[in-house]
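I have placed the structure first, in the form of structure tokens, so that the comments after it can refer back to it.
Taken together, the values in this text are just the output of simple stated rules run on the coordinates, not laboratory data. Just so you know, these numbers come straight off a predicted model, no measurement behind them. Reconstructed Cβ throughout: ideal geometry from the backbone, glycine too, with neighbour counts over all protein chains shown.
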Amino acid sequence: MGIDEKKIHVKMMYEDKKHWTLSSMLELRAETHKDKPFLQFKKETPKTFSQVNETVNKIAHGLAKLGVTKQDTVLIFLPNCPEFIYTWFAVIKLGAIEVPVNTAYKGYFINHVANNSKAKIMIADHQFIDRIKDCEDKLKYIEKIIILNNKKDKDKQPIVFNKIELFFYEKLYDNYSYNPEVQVNYYDNSAIIYTSGTTGPSKGPLITHAWMHTNAERMISMLRITGDDIYLLYLPLFHGNAQGMVVMPCLITGAKVVLYEKFSASRWVEMAGNSKATLTNIVGVMMAAIFNQPEKDDDKKNDLRAVNAYPCPSALYKQFKQRFGIGHLLEVYGMTEIGITTLMPYGDYRADSCGKEASDFVELCIADPDTDEKLPAGEVGELLVRPKMPWTLNSGYYQMPEKTAEAYRNAWFHTGDALKVDEDGYYYFVDRIKDALRKGGENISSFEIEKVVNDHLKVDDSAAVAVKSEHHGGEDEVKICVVTKEGETLTPEELLAWCDDRMPRFTVPRYIEFIKALPKTPTEKVMKGKLRDLGVTDATYDRKAAGYLLKEEILKKKNK
């Protein structure tokens, strides 16, 4: 950004809340960056800001003709494609609320999101129509479905719904291209982005325009995004990450988005190089998956100056940067309900930290999860959050007042995550509160146990859960549920020997159970509640009952 544009940007951020709405920002950029490329799908010709705005306007007018009005909820059941962004923006232009649907959803999961959101209209890709048809009798509110890419189904028998009207997405383009005259405010709700529940139905946090804008501002600040940047996006658009941490920052700064259908570890280097991306995001196990690909001569042939990687394993940090020639790996902590709350300072990496408080936007507290009393630096507690600007946290869980009341207590939003903060103000994620284990007076991270177990060559996946100890005092025993790789066999004794060499004695599992697959939500979150409920079964190996002694226990026995 030039110096004048920086001044305008700062004023916009702190004073002119008119542009805190996506619709206003898009219309502004269509004027100030008219012919600048904004959205490119793979290797296709990019669309400029003005072209995107005109396309969005046509779709918005088309949706309005079908009955979409301000604050209506609209389901978007589309894969990563330009039409997802056009539809999302069009819904916002009408002052309505977008409800993105996870593309893995089927059956109950579609029913729940559709019925909980009370949406009357769904925009869906042709490939999902069979799934929707299977749910029709249980969809209480859906009246109309707009099908995208219906021509791809020309050889199939046409689907006939009993109660729902079908329309074709392509017809939406046959509308006016001028900006709809709808008053949209920064404090209006703009989205319900459902978060996968591990023990119950998915909850839908209500997200305002102010949330979306200020969350984007945090990314702009951390990554120093300017109009010269190109952001590679392959994360699913139905999540807040892609929307609030990639598309919105690019819209605000005038940067370019290069969109792919999905992440591919084997093609990551190719996608980065072809897109000429300067920035991208990787989450979860993506970093390890990329690094585990065979090394190639063109690994460094990219323009990436920074990658937002979370978590960013310290063991991979230096190797990943060197191998792919990346200047900065930065980490954040956040969740859909609260946006990004901690940011890694640019150029000030701290091993295994998720950064410092985003102090312009939020106030954080590490508290005792039972009393909400603040804990000293270095102690593990629940992360509590509250906003410094109105309307920049979620407005509650849609149609779930009990869950909202549970999350908001003592004027703080309770994240349910265990973190700690050091004397320098750097935060460290430890675990989910409900997944925490305590043994021998020590807090144990299930994440750390799983990391060691998953490193075993015969292990495909694992999940550590607490089993209540027979002793009093709130202590736990550690149980590890293990999925071995196809064709591999692993004995409890082999796994214990592996763990004994790699983790503290009090963290080595007492109980081991080999299972075929971990129960997971459609967004691949392990449903640990189900595993905890299993407890000790007939198939569970008990190290204590089997008389297996760890090295420290053998030594202690010899010294007696």
Translational diffusion coefficient (Stokes-Einstein; Kirkwood radius from C-alpha pairs) of the range 23-133 at 37 °C, 0.692 mPa s, in µm²/s
222
Cubic angstrom per residue, convex hull over Cα atoms of the range 212-432:
121
Farthest toward positive dipole pole in the chain [+1 Lys/Arg, -1 Asp/Glu at C-beta], among HIS126, THR87, PHE514:
HIS126
Given H placed on each backbone N at 1.01 Å, which residues far from ALA191 in sequence or on other chains put an amide H within less than 5 Å of it?
GLU98, ILE207
Hey, what angle do you get for helix 22-32 against the long axis of the chain, alpha-carbon based, 0 to 90 degrees rounded to 10?
60
Using the Cα gyration tensor of the range 436-558, with a ≥ b ≥ c the square roots of its eigenvalues, what is the shape: rounded (a/c below 1.5), prolate (a/b larger than b/c) or oblate (neither)?
oblate
Set of lysines with alpha-carbon distance to LYS47 below 21 Å, sequence-local pairs under 8 removed:
LYS34, LYS36, LYS58, LYS93, LYS171, LYS256, LYS262, LYS276
How large is the direction-averaged shadow of the alpha-carbon convex hull of the chain, in nm²?
28.7
As a percent rounded to 5, the proportion of antiparallel DSSP bridges among beta bridges in the range 460-549 is 75
Within 10 Å of each residue's Cβ, count the other Cβ atoms and sort VAL526, VAL483 from fewest upward.
VAL483, VAL526
Ordering 176-186, 230-240 by per-residue average of other C-beta atoms within 10 angstrom, highest first, gives 230-240, 176-186
Above-threshold pairs, the threshold being 24 Å between Cα atoms, out of LYS516/LYS551; LYS140/LYS403; LYS296/LYS356; LYS318/LYS525
LYS516/LYS551; LYS296/LYS356; LYS318/LYS525
About the Cα centre of the range 212-432, how large is the charge dipole given +1 on each Lys and Arg Cβ and -1 on each Asp and Glu Cβ? Please answer in debye to the nearest 20.
880
Treating the beta-carbon of each Lys and Arg as +1 and of each Asp and Glu as -1, no other charges, what is the dipole magnitude of the chain about its Cα centre, to the nearest 20 debye?
780
Let's see if you can work this out: charge +1 on each Lys and Arg Cβ, -1 on each Asp and Glu Cβ, no other charges. What is the dipole magnitude of the range 436-558 about its Cα centre, in debye to the nearest 20?
280
Provide the per-residue ³J(HN,Hα) series for the range 318-330, in order, calculated from phi with Karplus coefficients 6.51, -1.76, 1.60 and θ = phi - 60°, each as a whole number of Hz, with x at glycine and proline positions.
5, 5, 5, 4, 5, 5, 9, x, 9, x, 9, 10, 10
For the range 102-142, would you read off the P(r) tail past 17 Å as a percentage of all alpha carbon pairs?
16
No solvent, one uniform scatterer per C-alpha: report log10 I(q)/I(0) for the range 118-258 via the Debye equation at q = 0.12, 0.14 1/Å, two decimals.
-0.72, -0.95
Note, the range 332-339: 3J(HN,Hα) by Karplus (6.51, -1.76, 1.60, θ = phi - 60°), whole Hz, Gly/Pro = x, goes 9, 10, x, 8, 3, 5, 10, x
Expressed in µm² per second, the diffusion coefficient of the range 326-441 from the Stokes-Einstein equation, with Rh the Kirkwood radius over alpha carbon pairs, at 37 °C and 0.692 mPa s, is 220
What are the ³J(HN,Hα) values, in whole Hz, obtained from phi via the Karplus relation 6.51 cos²θ - 1.76 cosθ + 1.60 with θ = phi - 60°, for each residue of the range 65-70 in sequence order, with x given for Gly and Pro?
5, 8, x, 6, 10, 4
Sequence-distant or interchain residues sharing an amide H contact under 5 Å with GLY355, placed H: which?
TYR427
